[in-house]
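The values are calculated or read from the model by the stated rules, or taken from the named source; none is laboratory data. On a predicted model such as this, the values are computed, not experimentally measured, just so you know. Positions of Cβ are generated from backbone atoms using ideal geometry, with glycine treated the same way; all protein chains shown enter the neighbour counts.
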Amino acid sequence: MQGLSVFYSVFLLNYLCVTPSISMLEKSQLTSEPQGEYPSQTQLNKLVAVHPGVGEDATEATSFLNNDDNVFIAQDMEGKYRVIGSEKWMNKTTASQDLG
């Protein structure tokens, strides 16, 4: 079953779309859990991204992420990249700030 979870495609990031890069802290976490019942079980991918910023840019990013469908590309512990989200299905992003 090798290759079933590999994304074989060539894609370009649209220069008109917003494609910000966010540096995350080591505390960030990427998990994949089973959900649903057999034979329609799928994977629920969760990305907890920790960013140290609390300024205007971070507040703007929080508002944008909470009010739009997003696709994230995250690097895992082995240096490989995971695509979280899809342009075909709605997804839920919950961004918050700790203003300390």
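In segment 82-98, what residues are among the hydroxyl-bearing types (Ser, Thr, Tyr) and surrounded by 10 or more Cβ atoms within 10 Å (Cβ to Cβ)? If you could, list the steps in order and put the result at the bottom.
Applying the first criterion (among the hydroxyl-bearing types (Ser, Thr, Tyr)) to segment 82-98 yields 86, 93-94, 96.
Those that are among the hydroxyl-bearing types (Ser, Thr, Tyr) and surrounded by 10 or more Cβ atoms within 10 Å (Cβ to Cβ): 86, 93.
Of everything in segment 7-42, what is closer than 16 Å to residue 93 by Cα and modelled with pLDDT of 85 or more? Give them in sequence order.
Scanning segment 7-42 gives 31, 32.
Which members of segment 51-98 meet the condition of being in a loop (DSSP other than H, G, I, E, B), closer than 18 Å to residue 28 by Cα and among the aliphatic types (A, V, I, L, M)?
Passing the criteria: 54, 71, 77, 95.
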